[in-house]
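The values are calculated or read from the model by the stated rules, or taken from the named source; none is laboratory data. For clarity, every value in this text was computed on a predicted model and none was experimentally measured. A quick note on method: Cβ atoms are made from the backbone with ideal geometry, for glycine too, and the neighbour counts reach across all protein chains shown.
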Amino acid sequence: MSTHFGDRLIDAIREKNAPVCVGLDPLIERFPKALLQDVGIPLTAAGAVEPDVDPAMCAKAMRAFGQEIIRAVAPHVPVVKINIAFFERYHADGLRAYFDLVRFAREAGMIVIGDVKRADIGHSSTQYAQAHLLDVPGADVAAPDAITVNPYFGFDTIRPFVDIARAEGRGLFVLVQTSNESAAEVQNLVLPDGLKLCEQVGKLVQTWAGGEGLVGRSGYSCVGAVVSPRDLDSTERIRTLMPQCLFLVPGFGAQGRTAAEVAKCFRSDGTGAIVNASRSVIYAHNIAPYCDRCGTDWTRAVEQACKDLVIAIRDVVPH
């Protein structure tokens with residue numbers, strides 16, 4: 001792979017007119033019962049998943065669910081974000097399912113973000129970077145196009161990821177302002193110069209993103225940032241501080257961020273961000289009005305929720 005990640009992402013967003021990403025956070029407890037029965041997951045009389053189900057069986061259900069989600073959303077959005085935590089729960093079987101779905105989504109023409117939030121000191125970071133950003137041809141393992149990384153160890157822990165991203169046409173999204181409630185306890189700390197900690201991290205990431213060979217023809221770097229608009233003033237400042245960084249924007253939908261709030265993550269020309277929604281799309285079969293409208297056709301519910309997500313974000317993106 002040699003094409004610059006930032007350019008590929010911008011092109012993919014324009015092709016589908018959808019600055020939108022669907023997050024795959026699969027919990028078998030929330031899967032459609034028909035799918036669980038099809039793969040042989042044992043259910044209680046009340047329809048709940050039996051405790052202590054074999055991990056290999058759970059991983060099989062995760063793979064089947066993920067493939068159906070990808071088939072439903074691929075015509076409408078350019079990106080899927082797969083959260084590895086939900087797969088690691090099932091150890092080796094789960095990791096095989098994770099990498100199988102990375103490959104499946106890439107073969108479906110989607111850009112894949114691995115939500116892995118890795119970083120460490122010394123050689124450990126190099127191992128993480130190679131594990132999550134490099135294909136393994138002999139093992140038929142496809143790595144994601146981009147991953148999330150944690151900057152709070154400093155740049156020496158990010159450098160191995162940057163080096164591979166530059167050489168292999170991959171991307172990074174560095175955590176800057178996250179969507180969880182207690183994030184403000186750390187990220188909103190005010191520094192002596194008046195900047196919040198998340199804003200200072202944003203300045204650092206912009207410095208890293210502007211390094212040699214990292215900025216593409218689109219003007220964006222392959223090093224982007226995870227920025228949730230939980231603090232609108234700070235979000236606007238971060239957007240100004242990071243002109244060359246693409247934003248991966250969590251928090252829309254089930255986490256409560258509105259379309260008007262996520263709009264603050266885009267630049268004035270309507271570029272620079274991709275908005276993620278997970279539970280509000282992938283579990284649409286359990287959410288009104290989709291479950292009422294689509295009945296037992298759970299993949300149609302997912303597809304309709306995805307289409308509505310795209311419309312909602314299109315309506316607020318600057319033109």
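The residue that is farthest from residue 96 (Cα to Cα), among those in the stretch 41-72 that are among the charged types (D, E, K, R) and touching a residue at least 60 places away in the same chain (Cβ under 8 Å), is 71. Looking at the stretch 62-70, can you tell me whether even one residue there is farther than 22 Å from residue 297 by Cβ and modelled with pLDDT of 95 or more? Taking every residue of the stretch 62-70 in turn, none turns out to be farther than 22 Å from residue 297 by Cβ and modelled with pLDDT of 95 or more.
Scanning the stretch 13-27 for residues that are farther than 30 Å from residue 90 by Cβ and among the hydrophobic types (A, V, I, L, M, F, W, C) yields a count of 2. Of the set (1) among the aliphatic types (A, V, I, L, M); (2) closer than 30 Å to residue 259 by Cβ; (3) buried (at least 17 other Cβ atoms within 10 Å of the Cβ), all apply to residue 27 but (3). Of all the listed residues (141, 149, 176), the sole one being β-branched (Val, Ile, Thr), touching a helix residue (DSSP H, G or I) at 6+ places or on another chain (Cβ under 7 Å) and at pLDDT below 95 is 141. Please enumerate the residues belonging to the stretch 207-237 that are of a type outside the set (A, V, I, L, M, F, W, C) and within 19 Å of residue 170 (Cβ to Cβ). Once the filter is applied, which keeps residues that are of a type outside the set (A, V, I, L, M, F, W, C) and within 19 Å of residue 170 (Cβ to Cβ), the stretch 207-237 yields 210, 211, 212, 213, 216, 217, 218, 219, 220, 221, 224.
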